[in-house]
Structure formats: C-alpha cells, structure tokens
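Take a look at the structure set out below.
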Amino acid sequence: AGIAFAVGEAFVCLVGIIIHQVDDSPDWWRTLLLCCCIPDVFGIPLAFRYIPESPHFLLTQGKNEEVEALLKEVAVTNTGSTDCLLQGGRVHHVKEEGDSTIDEWSLGQLFAPSLRSITIFVTTIWMVCSFAYYGHVFSYPIALAERYDMEIENQYFAVMLAGLAEIPGIFLGLLLIDGEGVGRRRSLIFFFLAACISSLIVPFCEDAVWFLIANMVLKTFINTPFCILYVFAAELFPTTHRATGIAFCSASSRIAGALS
C-alpha cells in the first residue's frame with residue numbers, strides 16, 4: 001500500500017505537469033482536480049468486485065456461509081486446496097459470557113485500562129508522522145519557489161522525485177522490522193532519528209541539485225515510519241478492536257497534518 005501511495009503521488013505530479021503544459025489558463029488546477037477524480041470512477045466498481053469483506057465482520061454478523069466460502073477461496077489461493085482448513089472450513093461464532101462483540105463495544109473502550117496506553121502511544125506516534133510528512137509536502141514547493149525561483153512544472157517534477165524516493169525507504173523498512181534484534185520499535189526510532197538529522201542538513205544545501213537530493217532522502221525517512229506504524233498498530237490492538245483502533249489513531253493524526 002505504501003508503494004502504491006508513492007506511485008500515485010508521483011503520477012499526480014506527472015499529470016499536473018502535462019495539464020499545465022496544455023492548459024495555461026489560471027484555472028488549470030481545476031482540470032487537474034477533475035483528472036484526479038477520474039480513477040475513482042474505475043476504482044469503486046473494482047473495489048466492490050475484487051475486495052472481499054472481512055471474515056471477522058461477516059462472522060459477527062452471522063453470515064457463516066459467506067465466511068466459509070471466503071476461507072476456502074483463501075486456502076485454494078494460498079495452497080491450491082482446502083485440505084489445510086480445520087473442520088473443512090466450517091465456522092461458528094463462539095461468544096463466552098461477559099465477552100463484548102463488535103456490535104456491543106463502544107469507542108470509549110479504546111481508552112479502557114487494557115488499551116489506553118496502546119491507543120495513546122499509537123495516536124501520538126501517528127500524529128508525529130503526519131505532522132512531519134504533510135509539513136514537508138506543504139512547505140517543499142514553497143521553498144523551491146522562494147529559494148530557487150522554480151517554475152511550477154519544475155516544482156511538480158521535484159515533488160514527483162520526492163514521492164518516488166519513498167519507495168526505497170519502504171523496502172528498507174520491510175527488511176528492518178523483521179530483522180533479528182531490530183523489530184518495530186527500533187525501526188521507528190531509527191527512521192525518526194534519520195529524519196531529524198536529514199532535516200537539519202537540508203537547509204544548508206545551497207546548490208539546487210543537492211537541495212533536491214537532500215529532500216528526497218528526507219522524504220524517504222519521513223514516510224517509512226508511516227508504513228511501519230500500520231503493521232505495528234495492527235499487531236498491538238486485539239482483533240475485536242483492531243480496525244476501529246487503527247482508524248481512530250489514523251484519523252486523529254490528520255489533526256496534526258492539518259496543523260502542519
């Protein structure tokens with residue numbers, strides 16, 4: 001998903017360059033916004049057709065047959081047969097007395113004693129990521145225009161390069177988080193420290209080429225913790241609260257992004 005996001009970011013910049021060359025009117029950006037909406041026309045039906053529903057959600061809704069069909073499809077895709085499924089893939093929802101299910105628990109349970117520290121930790125880290133990431137996204141084109149008097153097409157090209165620079169960082173993050181003696185926390189700390197050091201170096205790069213390269217490196221270090229955090233958060237929250245916990249932390253981080 002992180003790679004797809006980076007490619008999409010770069011593609012938007014490429015479309016912006018093309019549109020600005022074709023349409024030199026003051027309202028060229030409206031055409032860009034319209035073009036950015038076009039993929040949704042194809043994405044929505046594809047999502048309905050090819051993205052399956054969550055087995056956990058289907059199970060809590062009592063749709064056992066759909067869960068069994070989905071599990072068999074996954075088993076065939078991964079192993080070529082359904083022999084790996086327990087009980088032939090038959091499922092039923094077991095609810096123990098006192099347990100809360102997805103249709104009974106409230107959002108406030110994310111701040112219950114058992115989950116409070118996890119929710120606060122993930123939300124805080126996500127806010128830091130969002131503040132740094134969108135702060136760079138918003139300020140980078142301004143710096144290019146004011147510091148080097150770049151034309152808007154060159155600004156888009158520079159932002160496109162910075163977006164593509166996120167991809168190597170994602171692969172590096174994938175290697176580190178499962179590395180022996182590294183894990184999730186140390187990976188986050190490493191990329192945060194690397195981003196801090198890079199952000200201190202960038203302002204001293206006077207030459208335009210070195211300024212672009214330094215910002216590409218900085219963008220790599222800023223974005224990778226975002227990708228690691230999705231994996232980390234999914235492992236910290238229990239299954240019953242995982243989706244809502246990640247959604248709450250991610251949504252809360254947008255406040256920091258807006259403030260940046």
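Between 0 and 90 degrees, the angle of helix 152-164 with respect to the longest Cα principal axis of the chain falls at about 40 degrees.
The long axis of helix 28-50 is offset from the longest Cα principal axis of the chain by roughly 20 degrees. For the range 199-260, the spread of Cα coordinates along the three principal axes comes to 52, 23, 14 Å, biggest extent given first. Compared with the dominant principal axis of the Cα atoms in the chain, helix 239-259 is inclined by about 20°. Accessible surface calculations at 1.4 Å, restricted to protein heavy atoms, place the chain at 61 Å² per residue. A simple spin-label model places the labels of Leu86 and Thr31 6.0 nm from each other, with each point 7 Å out along Cα-to-Cβ. Placing unit charges on the Cβ atoms of the charged side chains and taking the dipole of the chain about its Cα centre, the candidate lying farthest along the positive direction among Pro26, Asn64, Ser117 is Ser117.
How large is the dipole of the range 146-260 about the Cα centre if only Lys and Arg carry +1 and Asp and Glu carry -1, each at its Cβ, rounded to the nearest 20 debye? Spell out each step's value before the answer.
Numbers: 7 positive and 10 negative charges, 134 e Å.
The calculation lands at about 640 debye.
Take Lys219, Lys72 and sort them by solvent-accessible surface of the protein heavy atoms, 1.4 Å probe, largest at the top.
Lys72, Lys219
Applying 0.36 nm per residue to the separation of Asp23 and Leu259 and subtracting their alpha-carbon distance, the gain on full extension is 81.7 nm.
Within the assembled protein chains, the solvent-accessible surface assigned to Cys205 is about 20 Å², based on a 1.4 Å probe.
How do Glu9, Glu180 stack up against each other in accessible area, from largest to smallest, with a 1.4 angstrom probe? Walk me through the numbers on the way to the answer.
On the way: Glu9 30, Glu180 185 Å².
Correct descending sequence by accessible area is Glu180, Glu9.
Among Val74, Val159, Val209, the residue with the largest mean-square fluctuation in a Gaussian network model of the chain, with springs joining Cα atoms closer than 10 Å, is Val74.
Nearest 500 deg cm²/dmol is fine: what mean residue ellipticity at 222 nm does the chain get from its DSSP H runs of n ≥ 4 alone, each adding -39,500 (n - 2.57), divided by its residue count? Walk me through the numbers on the way to the answer.
On the way: 10 runs with 193 residues, N = 260.
Rounded to the nearest 500, it is -25500 deg cm²/dmol.
Within the assembled protein chains, the solvent-accessible surface assigned to Met150 is about 40 Å², based on a 1.4 Å probe.
Surface composition of the chain: carbon plus sulfur atoms hold 66% of the accessible area, using a 1.4 angstrom probe and ignoring ligands, DNA and RNA. Across Ser187, Ser81, Ser130, mean-square fluctuation computed from a Gaussian network of the chain (C-alpha pairs under 10 Å connected) peaks at Ser81.
In the set (i) 19.7; (ii) 23.0; (iii) 21.5, which value of Kirkwood radius over Cα pairs in Å was calculated from the structure you see? Only one listed value fits the structure, namely (iii).
The values are calculated or read from the model by the stated rules, or taken from the named source; none is laboratory data. What you are looking at is a predicted structure, and each value in this text was computed from that prediction instead of being measured. A quick note on method: Cβ atoms are made from the backbone with ideal geometry, for glycine too, and the neighbour counts reach across all protein chains shown. These accessible areas exclude ligands, DNA and RNA; they are computed on the full protein's heavy atoms, side chains included. Shrake-Rupley method; radii C 1.70, N 1.55, O 1.52, S 1.80 Å.
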